[in-house]
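Derivation of every value follows stated rules applied to the coordinates shown; laboratory data play no part. Keep in mind that what you see is a predicted model, and the values were worked out from it rather than measured. Ideal geometry is used to build each Cβ from the backbone, glycine not excepted, and the neighbour counts take in all protein chains shown.
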Amino acid sequence: MKTYSAKPSDVTRKWYVIDASEATLGRVATKVATLLTGKGKPMFTQHIDTGDYVIVINAAAVQVTGGKMDKKMYYRHSGFPGGLTELSMREKLEKDPTAAIFQAVRGMLPVNKLRDGRLARLKIYADADHNHEAQKPEAISVKESK
């Protein structure tokens, strides 16, 4: 029995829609990262990008648990002495509602040559409107079952 290895010409990409207001940030980001890498497909191959397109809507209404809105900090550095800037999650969401989801998904993807291409297939919108209806995206629920 031979091992199957996908070729870039064999890859067929589907479109999915995920509502970020249904679950917490980590659960949404995990599901998005899995779809972008294509790990749920039987044709998954490590060195070939077999992932799908993902549209995330309602990013401004993302949920977090505990006191993460005020305690979770995002850092960036200008490169100059004393150039460290920090923003809380609440400030980050006020400034750009899509940034928190993008950064969470980016952190869950493997650091290799395929990451930029996978992130290019991620479309994040702050509200429920998106302009990808022509692609006929399939809605996926990430609701937590209790």
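Observations, loosely collected:
- Among the candidates Thr45, Thr65, Thr30, the residue that is surrounded by 13 or more Cβ atoms within 10 Å (Cβ to Cβ) and not in a helix (DSSP H, G or I) is uniquely Thr45.
- Filter result for Pro110 (of a type outside the set (Ser, Thr, Tyr) and either closer than 25 Å to Glu133 by Cβ or touching a residue at least 40 places away in the same chain (Cβ under 8 Å) (or both)): yes
- Restricting the stretch 1-57 to residues that are over 19 Å from Lys143 (Cα atoms) and β-branched (Val, Ile, Thr), the residue that is farthest from the chain's Cα centre (by Cα): Thr3
- Search result, residues across the stretch 25-57 that are under 17 Å from Tyr125 (Cβ atoms) and of a type outside the set (D, E, K, R): Leu25, Val28, Ala29, Val32, Leu35, Leu36, Tyr53, Val54, Ile55, Val56, Ile57
- Scanning the stretch 1-27 for residues that are charged (D, E, K, R), in a loop (DSSP other than H, G, I, E, B) and either farther than 24 Å from Thr65 by Cβ or without any contact (Cβ under 8 Å) to a residue 60 or more places away in the chain (or both) gives Lys2, Lys7, Arg13, Lys14.
- There is at least one residue in the stretch 119-129 that is touching a strand residue (DSSP E or B) at 6+ places or on another chain (Cβ under 9 Å), among the aromatic types (Phe, Trp, Tyr) and more than 19 Å from Val11 (Cβ to Cβ).
- Under the condition of being part of a loop (DSSP other than H, G, I, E, B) and free of Cβ contacts under 8 Å to residues at least 12 places away in the same chain, the residues counted in the stretch 68-96 number 7.
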